[in-house]
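First up is the structure itself, then whatever we jot down about it.
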Amino acid sequence: MNLKAFFMGNRRERIVPYLITAIFYSSLAYFFDTYLHMSGLIIYLIAAIGVTILVLALITLFYKVSAHATGLSGSIVILVMLSMRFTDNDLFYPILTFILIAGFVMSSRLFLKAHTGMEVVTGVLTGFIVNFCIFYYLLIG
């Protein structure tokens, strides 16, 4: 595979790095669980990253999606779900900070013409749906 630019503007150039990253995070979650016996929440977070990137790779087979938007919206969903599940934690300011950072990053992706509005929206929806489903099942369901 020959990369034409550092930023991987062509969606086909993104698939292999996404798959490698998804395998890495999935393996990391397995290693942490099996050999280090770490807390379930940490393993769920790492596994959710792997699943999100795998879904991103699958969508990228057909359509270019903003990975920045996917990651940031997924992070926001996870923080909101954690604040709903563990009500004694004050996550208002971290959630607000992530929302502001997400706005700046997504705006910059549009300003730099790295993505169209629909690619950013698709990224937001991907991160939201995947992580909501995972953490709803794990924390609330």
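General observations
- V121-R11 pseudo-label distance in nm [points 7 Å out on the Cα-to-Cβ vector]: 1.6
- Efficiency of FRET from Cβ geometry, I99 and L19, R₀ 30 Å, rounded to 0.05: 0.50
- Along the chain, longest interval not containing exposed trypsin sites (Lys or Arg not before Pro), exposed being DSSP loop plus at most 14 other Cβ atoms within 10 Å: 5-112
- Max mean-square fluctuation residue, GNM over the chain, Cα-Cα springs under 10 Å, options T60, T70, T34: T34
- Segment 83-99 and segment 39-64: distance between their alpha carbon centers, rounded to Å: 22
Bear in mind these aren't lab numbers, they're just calculated from the coordinates by the rules spelled out. Only a predicted model underlies this, so the values are computations on that prediction, with no experimental measurement involved. Cβ coordinates were reconstructed from backbone atoms using ideal geometry, including for glycine residues, and neighbour counts include every protein chain displayed.
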